[in-house]
Structure formats: structure tokens, C-alpha cells
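Working notes, structure below.
Quick note: the coordinates plus some simple rules give every number you see, no bench work behind them. All values reported here derive from a predicted model rather than from experimental measurement. Backbone-built Cβ (ideal geometry, glycine too); neighbour counts: all protein chains shown.
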Amino acid sequence: MNSSIRPLAQTRLRPAEASWRTHAVLVESDVMQATLLVPGFWANVASRLRPLDRLEVMDDGANWLCVLLVRAVSEREAVVAPLWHAELQSAATLSEPVGEAMRPRWGGFGHRWTVVQGDAVLRSGMASREEAETWLRSHLKALAG
């Protein structure tokens, strides 16, 4: 071993859960990702955050997902830094349309993926967009035949 390299102290290695928490955050579809970097955006939840926490943020439409690092927190603000980002919409878009009136939609953590017609929910609780699209195709086929 190179004598100029000092081995990592045992106390510097621990499970991530001992150092930070991960929060799932679902924001409205009209929230721009740049808004997430504004400290005041987090005013209503700042008291629940700690420095080094991770925020996994997705919009209502499941169009994008990003991971943020909480750098600093005060009573009414949280300073966050982006760690990772992915656009999800293009990968989840159907190759062929399945109808104008009925469509899959992310219904939030409680409803998960749903199939809606206008404002009416036809089916909810599906695990993925693909599952919702499959159900919708089957439903449209049953209606047609």
C-alpha cells in the first residue's frame, strides 16, 4: 500500500439512511422545474426537511422526474441543488393514439395510474402507464366489438 494514502476511517462509512432521508414529492403539472430551485417554493414543508435529504420530485402528469439535494433549511425556505433529471413523457408516449376522449393519466400517489374520460376516472390503481394503456386498448376493443 502506498504510504501517502491514508485508509478511510471506519466511522466514515454508514448506511445512507443514517445520514439523510428520501422524500417523494408530487407537484402540480404546471410547476416548472426551475421553480423547484427557488427557496421559498418549499416554505410550507421546510420544517420537515433537513440538510442532505433527497427529494424525488415528479409532476402530476409523470412527464419528468428529478432528484434534489437539500443544502440548507430555514423556517420558511429550503435551498436545494439538482442531482439528477429525466424526461419521462417521450418514453411513455404511445406509438399509436388510443382515442381522444379516454387517456391514461397519473392520478397521484393515492390513485396511481388511472384511465380518464374527461374528468371521470374509469379505472385507477394501475402500477404503470403501460398497464393503463393496455387496459385502455382492451376497454376500447370491448366497446367496439
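Okay, here's what the table says:
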{"quantity": "Sum of -39500 (n - 2.57) over DSSP H runs of 4+, divided by residues of the chain (222 nm, nearest 500)", "calculated": "-4000 deg cm²/dmol"}
{"quantity": "For the chain: Kirkwood Rh in Å [reciprocal of mean 1/r, alpha carbons]", "calculated": "18.1"}
{"quantity": "Positive dipole terminus of the chain, leading residue within Q117, P15, I5 (C-beta point charges)", "calculated": "I5"}
{"quantity": "Antiparallel bridge percentage (DSSP; both residues within the chain; nearest 5)", "calculated": "80"}
{"quantity": "Cα-centre dipole for the chain with unit charges at Cβ (Lys and Arg positive, Asp and Glu negative), debye to 20", "calculated": "700"}
{"quantity": "Convex hull volume of region 94-144 per residue (C-alpha atoms, cubic angstrom)", "calculated": "71"}
{"quantity": "Ranked R14, R54, R48, criterion: other C-beta atoms within 10 Å, fewest first", "calculated": "R14, R48, R54"}
{"quantity": "Taking N as its residue count, the alpha carbon Rg of region 18-89 over 2.2 N^0.38 Å", "calculated": "1.03"}
{"quantity": "The chain: relative contact order as a whole-number percent, Cα under 8 Å and 6+ apart", "calculated": "16"}
{"quantity": "Exposure rule at most 11 other beta-carbon atoms within 10 Å, DSSP loop GluC sites (Glu not before Pro): the chain longest free segment", "calculated": "29-74"}
